Structures are given as structure tokens and as C-alpha cells.
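Some notes on the structure that comes next.
The values are calculated or read from the model by the stated rules, or taken from the named source; none is laboratory data. Source: prediction; values computed, not measured. In this analysis, Cβ positions are derived from the backbone assuming ideal geometry, glycine residues included, and neighbour counts consider all displayed protein chains. We work out accessible area using only protein heavy atoms, side chains counted, and drop any ligands, DNA or RNA first. Shrake-Rupley method; radii C 1.70, N 1.55, O 1.52, S 1.80 Å.
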Amino acid sequence: MSITAASRARVKAMLRNANAQVAEAHKILTKQQKEANKLKKEATEAERQAKAAKVALCKQQRLLKKQINATLSPAVTPSKSKKGCSCGCGGCNK
């Protein structure tokens, strides 16, 4: 084998090794990208659920405020169902 043939064989071996490394790196990168996409989807779903929970909590808080106000001040707020009640309690019909 001449020097040039040996050099070519070494270059071909180096190219095969480099190609194998590139293929392995590509495989690892693809796997990491899939994992990143999965985590991104999970994060997006968690954000959506958090927003929905916040909206539900705000609605519940508003309802509680209305109930508390109705319970604490029945004489101030006239009842809509009993219009004949002058004191606003909704049940005595004075």
C-alpha cells in the first residue's frame, strides 16, 4: 500500500467516524427537542388551568361578597321579592 492509499484510508475512516458522531448528535438533539416540546405543552396547559382557576376564584369571591352584604345589611337593602315591606327585611310587611 502506498502512502496516498494509506492516507485515503485514514481520511475515509475519519469521515466515517465524523458521520457517526453527527448522526448520534442528531439523534440526541431530536430527543431533546421532543422533550422540550412536551414540557412546553405541559406548561401551556398549566397556565391555562391557572387562568381558569383564577377566573373561577374571582367569580366565587364576588358571590361571597354579595352573600355577605345581603346577610349583614338586610335592613338597608330592600327586598325585591316583597315590595310591601317598608323596613327592607323582606318578611314582616310593616
**Request:** Note down all Cβ pairs under 8 Å where the first residue falls in region 27-41 and is in contact (Cβ under 8 Å) with a residue 12 or more places away in the chain, the second is outside any helix (DSSP H, G or I) and surrounded by 10 or more Cβ atoms within 10 Å (Cβ to Cβ), and they're at least six residues apart or on different chains.
**Result:** none
**Message:** Can you pull out every residue in region 35-60 that is more than 8 Å from the chain's Cα centre (by Cα) and either open to solvent by less than 100 Å² (accessible area, probe 1.4 Å) or β-branched (Val, Ile, Thr) (or both)?
**Reply:** GLU35, ALA36, ASN37, LEU39, ALA52, ALA53, VAL55, ALA56, CYS58
